[in-house]
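Only one structure is covered here, and it is reproduced in the block below.
Here, each number is a calculation from the coordinates, and none is a lab measurement. Given the structure is predicted, the values throughout are model-derived calculations rather than measurements. Note that we place each Cβ from the backbone using ideal geometry, even for glycine, and neighbour counts take in every protein chain shown.
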């Protein structure tokens with residue numbers, strides 16, 4: 001982007017001169033244009049070879065650009081030159097790609113550099129400077145820098161507000177996990193990934209055991225603390241690529257890609273054991289309360305090629321874990337195996 005900007009500025013410089021049709025300054029112009037082109041080539045090569053180093057001092061490079069523009073203005077007519085508009089490119093780039101206040105600072109610098117260039121050109125050309133014209137152009141430069149700063153501030157403020165609203169729309173307010181709305185949007189992407197890569201997606205559904213009784217006994221505040229505690233436990237035991245979701249109430253869903261069913265069960269069991277070890281304090285009672293969680297697991301496309309059906313199968317496995325004593329992790333395959341064994345008997 002910065003390289004394109006620099007060459008665009010140089011082309012504008014050339015276009016301005018051609019449109020002006022000033023033949024008297026043709027030799028001087030092409031000398032200065034050659035210097036500018038060589039400078040641009042050096043900066044371009046520097047960005048290609050040492051991008052990270054130059055990126056850190058990019059703001060300072062813009063000051064060098066402003067000095068060079070001032071030099072060209074001095075050589076090509078001073079106060080009578082229209083090349084001062086090139087300052088606006090520098091100020092604009094600074095405002096968009098750097099901090100907003102920097103565009104004001106470089107705007108003031110451009111104003112001072114332009115004033116110095118005009119006085120130097122007037123001294124060399126032995127003519128009186130038009131102070132009103134100089135003042136108007138300087139005011140225009142400063143107003144432009146403030147305007148760019150304000151526009152950039154408003155754009156960034158709107159962008160931050162939009163990001164915040166977007167995050168709130170897809171995040172559970174209490175736990176900070178993704179909500180069901182985000183899950184429904186993400187589901188199609190995960191299925192597409194699995195179909196293309198050939199890797200499975202494991203669906204783990206967790207449900208806090210006896211949560212309603214816990215909520216009724218100790219109140220919603222402690223119920224919320226338990227939900228928050230469990231969401232933190234999930235976060236501590238998953239990878240960045242895994243997707244934890246507050247599925248609803250005391251239910252949590254976890255999408256884990258690229259691992260087999262056995263490993264997925266180990267993840268679910270690790271989360272279950274960590275919650276079991278917590279034995280949290282509640283109310284004014286000094287004793288610790290045992291809180292457990294049950295988990296059901298199904299895998300796409302192993303158990304079904306329909307992702308919604310896979311979720312239903314994971315839910316059935318969860319129900320089986322609840323029915324057979326709670327505080328357990330059950331895979332759908334295990335549940336089916338048990339059912340078949342009972343049927344055979």
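Values computed for the structure shown
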read-out: Segment 71-113 and segment 133-205: distance between their alpha carbon centers, rounded to Å; value: 31
read-out: Spin-label model distance (nm) - residue 274 vs residue 217, 7 Å beyond Cα toward Cβ; value: 2.4
read-out: Mean separation of Cα contacts under 8 Å, 6 or more apart, over the residue count of segment 180-344: relative contact order %; value: 26
read-out: Relative contact order of segment 155-271, defined on C-alpha pairs under 8 angstrom at six or more residues apart (%); value: 32
read-out: Extension gain from residue 239 to residue 155, taking 0.36 nm per residue of separation minus the Cα-Cα distance; value: 26.8 nm
read-out: Three principal axis lengths of segment 180-281 [C-alpha, angstrom, descending]; value: 48, 28, 20
